[in-house]
């Protein structure tokens, strides 16, 4: 199984927050953005995108948890929270994540983080603008290569 990432295309994302509502409904059976494992983020006045766990190679959030409540699956990279160990102190794992992907559940008072819904996230399926995608690192790097080559090619074209 190839490691997959949840990515958002900021050129397609409108910031509608459907992904947040779908996530909370899927995980907690309520429509509450504060219970979502994915977040819409305003980058600039007119640029919105969605952000979820980046599945870091050596995640600081896992390393700093004093109760060892966070673990990472070596094969998938998915971080899970053992709610029986998590005290909800929150500040260590929340502050350790430089992407803002970990939050504290407002009712349960335990850490929450995107777990990719076992490889079939409803937020991707129900994204109105198709801005969300579950993608492998190989596909992501291939797209980056193509984009760079395209830019270089366009730069070398004679100006008319």
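Brief remarks on what is shown
- Taking all Cα pairs closer than 8 Å and separated by 6 or more residues, the relative contact order of the stretch 1-138 comes to 32 percent.
- Helical contribution to [θ] at 222 nm, DSSP H n ≥ 4, -39,500 (n - 2.57), averaged over the chain, rounded to 500: -8000 deg cm²/dmol
- Placing dummy labels 7 Å off each Cα toward the beta-carbon, the span from residue 89 to residue 143 is 3.8 nm.
- The three principal axes of the Cα atoms in the stretch 102-160 give end-to-end lengths of 61, 23, 21 Å, sorted in falling order.
- Rounded tilt (10° steps) of 18-28 against the dominant C-alpha axis of the chain: 30
- Peptide ranges 150-159, 50-59, 37-46, 125-134 listed from the most packed, as the mean C-beta count within 10 angstrom indicates: 50-59, 125-134, 37-46, 150-159
- Segment residue 82..residue 46, full-extension length gain: 9.2 nm, with 0.36 nm per residue of separation and the alpha-carbon distance subtracted.
- Distance in nm between pseudo-label sites at residue 109 and residue 156 (7 Å out along the Cβ direction from Cα): 6.2
- Summary of the geometry: the stretch 40-74 and the stretch 114-160, compared by the centres of their Cα atoms, lie 19 Å apart.
- Rounded tilt (10° steps) of 137-156 against the dominant C-alpha axis of the chain: 30
- Peptide ranges 18-24, 116-122 listed from the most packed, as the mean C-beta count within 10 angstrom indicates: 18-24, 116-122
- Label of the coordinate-derived value, Cα Rg over 2.2 N^0.38 Å, listed as (1) 1.05; (2) 1.22; (3) 1.16: (3)
Values quoted throughout were computed directly from the atomic coordinates according to the rules given, and no laboratory measurement underlies them. All values reported here derive from a predicted model rather than from experimental measurement. Glycine also receives a Cβ, built like all others from the backbone with ideal geometry; neighbour counts cover every protein chain displayed.
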